[in-house]
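The values are calculated or read from the model by the stated rules, or taken from the named source; none is laboratory data. Treat the numbers as computed from the prediction; the structure is a model and nothing was measured. Here the Cβ positions follow ideal geometry from the backbone for every residue, glycine too, while neighbour counts run over all protein chains shown. When the accessible area is computed, the model is the full protein with side chains, heavy atoms only, and any ligands, DNA or RNA have been set aside. Shrake-Rupley method; radii C 1.70, N 1.55, O 1.52, S 1.80 Å.
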Amino acid sequence: MHLMSETKPKLLIYGAGYTGKLLATDYLMGKANGYEVVGFIDDIKTGTLADLPILGTRENLPELKSKGIDNIIVSLFQDAR
C-alpha cells in the first residue's frame, strides 16, 4: 500500500498589522492547523512579521496566486473610537 502525504492548502494573510499577527500566531501554533501560512500581503508594510515574509501588496495578488496560494484571509483592524 502506498501512502500519500497530505499537502496543506497554502494560506496568505492580507494585513500585516496586529490582527494579522494574531491570526498567523494561531495558525502557526496549530490552533487552526489545516493550513500552511506562507506569509502576508500589506499595502504599507514590508519585511517580516511573526517570522513570516510580507510578500507584497494587493497588486501582487495575481502573481502570488499563480505560485500556488490556495486561500487568503483578510485581516483588517478598525479602531472603534
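Brief remarks follow.
- Peptides ranked, highest mean first, by Cβ atoms within 10 Å: ranges 63-76, 12-25: 12-25, 63-76
- For K21, the aspartates and glutamates whose Cα falls under 18 Å of its own Cα, not counting residues fewer than eight places away in the same chain, are E36, D42, D43, D51, D79.
- Rel. contact order, % - alpha carbon contacts under 8 angstrom, at least six apart, the chain: 40 percent
- Heavy-atom accessible surface of the chain: percent carbon and sulfur, 1.4 Å: 55 percent
- Average accessible area per residue (Å²) across the chain - probe 1.4 Å, nucleic acids and ligands excluded: 74 Å²
- For the chain, the longest principal axis of the C-alpha atoms and the axis of helix 18-28 are separated by about 10°.
- Of the labelled figures (i) 59, 28, 20; (ii) 37, 26, 19; (iii) 42, 25, 24, only one reflects Cα extents along the principal axes in Å as derived from the coordinates, namely (i).
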